[in-house]
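Structure, as structure tokens:
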Amino acid sequence: MFNLSRKVGTISRGVRCPIIREGDDLVEIVVNSVLEAAESESYAVRDQDIVAITESVVARAQGNNASTEAIAKDVKQKLGSDT
């Protein structure tokens, strides 16, 4: 017989954050959002927990985005105007 000290496996949670805009402090927003969600839903944030942030959120905070006009120009340049 084997002994498992852990009784629960991986748990994934989606945390709602405010709308991110260029120049926003992601560290502050993410930390506050995670801690507020944990308090609201009565779960603990512990050492070795992993918090992931999507690339699109990071890009938005950095102002690293492309307009639809820039994307359309790139597509037309690569594929021509027949498509």
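List of remarks:
- Compared with the alpha-carbon gap, the fully stretched path from Leu4 to Ile53 is longer by 14.6 nm at 0.36 nm per residue.
- Between helix 68-79 and the chain: long-axis angle, C-alpha atoms, 0 to 90°, nearest 10: 70
- Calculated P(r) of the chain - Cα pairs past 17 Å, %: 64
- Spacing of the two label points (7 Å from each Cα toward its C-beta) at Ile71 and Val45, in nm: 3.2
- The chain - percent relative contact order, Cα under 8 Å, separation 6 or more: 33
- Accessible surface of the chain, 1.4 Å probe, proportion on carbon and sulfur as whole %: 51
- For the chain, the solvent-accessible area works out to 94 Å² per residue, with a probe of 1.4 Å and every protein chain left in place.
- Residue-count net charge about Ala70 - beta-carbon cut-off 14 Å; Lys, Arg +1, Asp, Glu -1: +1
The values are calculated or read from the model by the stated rules, or taken from the named source; none is laboratory data. Everything numeric in this text was worked out from a predicted model, so none of it was measured. Backbone-built Cβ (ideal geometry, glycine too); neighbour counts: all protein chains shown. These area figures cover heavy atoms from the full protein model, side chains too; ligands, DNA and RNA do not enter into them. Shrake-Rupley method; radii C 1.70, N 1.55, O 1.52, S 1.80 Å.
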